[in-house]
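Enquirer: Questions regarding the structure given below will be posed in turn.
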Amino acid sequence: MSIKVQTHAFAGNPLLSKFPLSGHPLPPSAALEALNARIGLGNSHSYPSLSFKVLPFRNGRPLASSEAGSGDSPPIWHLGWVGLDDLRGILDNSGVQLSVDSLVYLNSSAEDDAVYWAIDVSAEVIELRSKTGLRFVELRTLMVATDWSDLQAMGNLAIAGHAKALLEWHNISRFCGHCGEKTVPMEAGRRKQCSNGSCKKRIYPRVDPVVIMLVIDRENDRALLAKRPMRLQRLYTCLSGFTEPGESLEEAVRRETWEETRVEVGEVVYHSSQPWPVGPSSIPCQLIVGFFAYAKSLEITVDKEELEGTMTSLWYSREDVRKALTFAKYKETQRTAAEKVEQICKGLEENRSFVSDFNVESADKNASIVFPGPFAIAHHLISSWAFSDKNVVNGVDCNSKQPISSMTNS
């Protein structure tokens, strides 16, 4: 089963894609002024019609709700936006005062006259029982539970990913890396600045570039796939790695492939990119840049000193990859995750973690290999190559190398 999607998971954020600089309804400075006014620290007559919506997070988990799908459709999750006054009341009841600096500006929308914020309440003991059906849910679980054909659901996932990345960046940048003094939020949380008057170093949100590549043996019509240690037995994916200082993306593709397999790569062709805010909290947001890489040598040698654990890398024919995709059951996995989110939001699974949902083997027992689901850029690299000659999936044609884009960008 091959999947065609409009955009990658965590991309296509509707709050960011509607950002025409000339006509943006509320820049960060104005948003902060409106927030101060609403909380009571400024002119109470400023922006009286604006609606303030806040998305709370706890330990990297956004607040979410779930509702039954129509007919036989799986449940649908929604972001748990809380009104500013409601949030202040919840915090007041818990003995916590709402601080302007604790809120991070996500963006505003002229369509619904609303300003969107995020807040991390991990340090607060707050009670949300009065908000029936709202629970904090792992972002990875929401990712797997998202219907990739539903643009609104994909947009909600992108908003949550963006908010999580900003909040976790704030958590790891509380002190200046230059002088060690505390940092303070600026521009409604869009950046930070050292509080030391003699330093005042500016700090901006961190993005870490990662390359991911499907290495292709054009002559024998094969692709190089790898199974990482400590993962599911049948799960194979593309090679990947972080870029190094002073290195181009293409150079990183060639270096990482050589380090991990001793396969030499020649031509490198861009495919697409994906924000990835569900890595370690110390790396708030990776930008994964996908490529097709064409092999100049074919012998695989895994460097066990270079790699942690033992990685298995093998060449697979296009036909083998097609068969594996045919056996895939991604819709069933998505439904199972959506039902788990529904159970969490009903309070039935509060003490259980579903991070392992990310590694669910989405295939039946007849599949010898399994690939990541449609939420991962690796899936689209693999499937667009596997079906490029049959035009089953719109992707980069790996034979002619004519870019016909695997993602339909809105």
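Enquirer: What residues from segment 149-173 fall in the zone where the backbone N is under 19 Å from a label point 7 Å along the Cα-to-C-beta line of ASN196?
Expert: Counting only backbone N, you get 172-173.
Enquirer: Name the residues of segment 205-227 whose amide N is less than 15 Å from a point 7 angstrom out from the Cα of GLU247 along the C-beta direction?
Expert: Once the point is set 7 Å along Cα→Cβ of GLU247, 208-213 turn out to lie under 15 Å by backbone N, inside segment 205-227.
Enquirer: Could you work out how much longer the chain between LYS323 and ASP150 gets when fully extended? Use 0.36 nm per residue separation minus the Cα distance between them, nm to one decimal. Present the calculation step by step, with values, prior to reporting the outcome.
Expert: Details: separation 173, 0.36 × 173 = 62.28 nm, distance 2.65 nm.
Here the segment from LYS323 to ASP150 would lengthen by 59.6 nm.
Enquirer: Sticking with this structure for a sec: Considering only protein heavy atoms, what per residue accessible area in square angstrom results for segment 174-242 with a 1.4 angstrom probe? Write out the running numbers ahead of the final one.
Expert: Working: 3710 Å² over 69 residues.
Heavy-atom SASA per residue in segment 174-242 reads 54 Å².
Enquirer: Continuing with this model, one more query. Taking 0.36 nm per intervening residue step and subtracting the Cα-Cα distance, what contour gain separates ARG234 from GLN97 on full extension? Show your work: numbers first, answer last.
Expert: Values: separation 137, 0.36 × 137 = 49.32 nm, distance 5.01 nm.
Separation in residues times 0.36 nm, less the Cα-Cα distance, equals 44.3 nm.
Enquirer: What order, most packed first, do the peptides 102-109, 294-301, 331-338, 167-174 have when packing is the mean number of other Cβ atoms within 10 Å of each residue? Each step should come with its number before you reach the end.
Expert: Numbers: 102-109: 22.9, 294-301: 14.1, 331-338: 19.8, 167-174: 18.2.
By packing density, highest mean first, the sequence is 102-109, 331-338, 167-174, 294-301.
Enquirer: Sorted by average packing, counted as other Cβ atoms within 10 angstrom per residue and highest first, what order do 84-93, 239-248 take? The partial results should precede the final answer.
Expert: Working: 84-93: 16.0, 239-248: 14.1.
Descending mean neighbour count gives 84-93, 239-248.
Enquirer: Given labels modelled 7 Å from the Cα in the Cβ direction, how far is it in nm from THR132 to ILE172?
Expert: Simple spin-label model gives 4.0 nm for this pair.
Enquirer: Follow-up. Given points 7 Å out from each Cα along the Cα-Cβ axis, report the GLU111 to GLU181 separation in nanometres with one decimal.
Expert: That separation, rounded to one decimal, is 4.4 nm.
Enquirer: Calculate, for ARG218 and ARG262, the FRET efficiency according to 1/(1 + (r/R0)^6) with r their C-beta to C-beta distance and R0 22 Å; round to the nearest 0.05.
Expert: Numbers: r = 19 Å, r/R0 = 0.85.
After rounding to 0.05, the efficiency reads 0.70.
The values are calculated or read from the model by the stated rules, or taken from the named source; none is laboratory data. Everything quoted here is computed from the prediction, not taken from an experiment. In this analysis, Cβ positions are derived from the backbone assuming ideal geometry, glycine residues included, and neighbour counts consider all displayed protein chains. Each accessible area value is taken on the protein alone, full model and side chains, heavy atoms only, with ligands, DNA and RNA left out. Shrake-Rupley method; radii C 1.70, N 1.55, O 1.52, S 1.80 Å.
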